[in-house]
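Colleague: Could you have a look at this structure, given as structure tokens, before my questions?
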Amino acid sequence: MTWLQALLLAIVEGLTEFLPVSSTGHLIITSSFLGIASDPFTKLFTIAIQFGAILSVVVTYFKRFFKTLKFYWLLFLAFIPAAIMGVLIGDYIDALLENVSMVAFMLIFGGIILLFVDKWFKHLEISGDSTPKVKSAIQIGLFQCLALLPGVSRAAATIVGGLASGLNRTAAAEFSFFLAVPTLFAATAWKLIKYYQQGYLISEPQWQLLIIGNLIAFIVAWMAIKSFISWLTKHGFQIFGWYRIAVGLILLALQALGISLHII
């Protein structure tokens, strides 16, 4: 992997991780067009740079992370369902990650859902809760399990879960950001452990790529979070629905044209 390839992947990760558009689908397209090899370090890189993205959440909402113990209890309740499912069916999920067609169809299906989300939950902008409760945290956690399917988008699943549990748009989006911290941290730690268990080591040049990748992902994700909340408050989800459908169709078209696509 070159420095330019690492930079572009980090930008894509930062832009898409917290938006309801599926970072997996975008990394497929980016890596395929850049001709990035699907080697063990590249796979580690795409997971490890999530650490930079989650740091952007902690920095943006620093005071919220050190406010009350109840905040951590709610995050724990929301984190547990996907963590358990990940352990139980992790190998099956890894196999699904090689199915680009599934990623495309999940992008399109999720996009169709987002086209109607604003209408379904319009009443919550007035009557919706601004703070999650125990019941809503558990429900959001169950929705996050859907994101184990590649192409669904963790952000999309948890935000819709938040709306379905009675939160308003801003509260649902923000809790989705918060839940990303333990979820993506666990995914990063687990990937590092497996990488070393398989006998691989990270060389000095690779460490440099990881450091710059996390830095870029942090900066871009920080800007994306700020912009997303502002857009969501004013315009809603529909544009993300159309965008997902377009990306899904692009993936299917590339496959039909015989262009090699892979999940790195």
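The values are calculated or read from the model by the stated rules, or taken from the named source; none is laboratory data. Being a predicted model, the structure only gives us computed values, none of them experimental. Every residue, glycine as well, gets a Cβ built from its backbone with ideal geometry; the counts of neighbours run over all protein chains shown.
Colleague: Being of a type outside the set (Lys, Arg) and closer than 24 Å to Ala157 by Cα narrows it down to one of Ala6, Ala37, Ala48, so name that one.
Modeller: None of the other options fit; the residue is Ala48.
Colleague: May I ask you to list the residues in region 230-251 that are of a type in the set (A, V, I, L, M, F, W, C) and buried (at least 17 other Cβ atoms within 10 Å of the Cβ)?
Modeller: Leu232, Phe237, Phe240, Ile245, Val247, Leu251 - these are the residues of region 230-251 that are of a type in the set (A, V, I, L, M, F, W, C) and buried (at least 17 other Cβ atoms within 10 Å of the Cβ).
Colleague: Sticking with this one: Being surrounded by 24 or more Cβ atoms within 10 Å (Cβ to Cβ) and in a loop (DSSP other than H, G, I, E, B) is the filter here; which residues of region 153-188 pass it?
Modeller: Listed by number, the list holds a single entry, Ser153.
Colleague: Only residues that are under 15 Å from Leu74 (Cα atoms) and among the small types (Gly, Ala, Ser): list them for region 174-187, please.
Modeller: Within region 174-187, Ser176, Ala180 qualify.
Colleague: Consider Gln198 carefully, then state whether it is in contact (Cβ under 8 Å) with a residue 60 or more places away in the chain, in contact with a Pro (Cβ under 9 Å, 6 or more places away or on another chain) and either small (Gly, Ala, Ser) or more than 21 Å from Ala53 (Cα to Cα) (or both).
Modeller: Details: in contact (Cβ under 8 Å) with a residue 60 or more places away in the chain: yes; in contact with a Pro (Cβ under 9 Å, 6 or more places away or on another chain): yes; either small (Gly, Ala, Ser) or more than 21 Å from Ala53 (Cα to Cα) (or both): yes.
So Gln198 passes the test.
Colleague: Scan region 191-218 for residues that are of a type in the set (Val, Ile, Thr), closer than 22 Å to Thr2 by Cα and surrounded by fewer than 15 Cβ atoms within 10 Å (Cβ to Cβ) and jot them down. Full working, then the answer.
Modeller: Applying the first criterion (of a type in the set (Val, Ile, Thr)) to region 191-218 yields 193, 202, 211-212, 216.
Still in the running and closer than 22 Å to Thr2 by Cα: 202, 211-212, 216.
Matches in region 191-218: Ile211 only.
Colleague: Can you go through Ile245, Ile219, Ile239, Ile193 and tell me which one is out of contact with any Lys or Arg (no Cβ under 9 Å at 6 or more places or on another chain) and under 22 Å from Leu8 (Cα atoms)?
Modeller: On the way: Ile245 fails: under 22 Å from Leu8 (Cα atoms); Ile239 fails: under 22 Å from Leu8 (Cα atoms); Ile193 fails: under 22 Å from Leu8 (Cα atoms).
Being out of contact with any Lys or Arg (no Cβ under 9 Å at 6 or more places or on another chain) and under 22 Å from Leu8 (Cα atoms) holds for just one of Ile245, Ile219, Ile239, Ile193, which is Ile219.
Colleague: Let me ask something else. Against the condition at pLDDT 90 or above and not hydroxyl-bearing (Ser, Thr, Tyr), how does Gly90 come out, does it pass?
Modeller: Values: at pLDDT 90 or above: no; not hydroxyl-bearing (Ser, Thr, Tyr): yes.
No, not satisfied.
Colleague: Scan region 32-59 for residues that are assigned to a helix (DSSP H, G or I), out of contact with any Leu (no Cβ under 7 Å at 6 or more places or on another chain) and closer than 23 Å to Ile250 by Cβ and jot them down.
Modeller: Scanning region 32-59 gives Phe33, Thr42, Lys43.
Colleague: Scan region 81-103 for residues that are buried (at least 16 other Cβ atoms within 10 Å of the Cβ) and in contact (Cβ under 8 Å) with a residue 60 or more places away in the chain and jot them down.
Modeller: Of everything in region 81-103, those that are buried (at least 16 other Cβ atoms within 10 Å of the Cβ) and in contact (Cβ under 8 Å) with a residue 60 or more places away in the chain turn out to be Pro81, Ala82, Ala83, Met85, Gly86, Leu97, Val100, Val103.
Colleague: Find the residue count for region 121-138, including only residues that are hydrophobic (A, V, I, L, M, F, W, C), part of a helix (DSSP H, G or I) and in contact with a helix residue (DSSP H, G or I) (Cβ under 8 Å, 6 or more places away or on another chain).
Modeller: 4
Colleague: Also, quick follow-up: Tally time: how many residues in region 159-188 are of a type in the set (A, V, I, L, M) and farther than 17 Å from Glu17 by Cβ?
Modeller: 4
Colleague: I would also like to ask the following. Out of the residues in region 219-229 meeting the condition of being farther than 24 Å from Glu125 by Cα and in contact with a Ser or Thr (Cβ under 7 Å, 6 or more places away or on another chain), tell me which one is surrounded by the fewest Cβ atoms within 10 Å (Cβ to Cβ).
Modeller: For region 219-229, the residue satisfying everything is Trp222.
Colleague: Note down all Cβ pairs under 7 Å where the first residue falls in region 17-31 and is at negative phi, the second is among the polar types (S, T, N, Q), and they're at least six residues apart or on different chains.
Modeller: Once the first residue is at negative phi and sits in region 17-31, its partners that are among the polar types (S, T, N, Q) give Glu17/Ser23; Glu17/Gln50; Pro20/Ser153; Val21/Ser153; Ser23/Thr16; His26/Thr16; Leu27/Thr46.
Colleague: Ok, one more. Mind checking which residues of region 59-85 are at pLDDT 85 or above and either among the charged types (D, E, K, R) or touching a Cys at 6+ places or on another chain (Cβ under 9 Å) (or both)?
Modeller: Listed by number, the residues that qualify are Lys63, Arg64, Lys70, Pro81, Ala82, Ile84, Met85.
Colleague: Restricting attention to region 138-152, which residues are farther than 19 Å from Phe116 by Cβ and surrounded by 24 or more Cβ atoms within 10 Å (Cβ to Cβ)?
Modeller: Ile140, Gly141, Gln144
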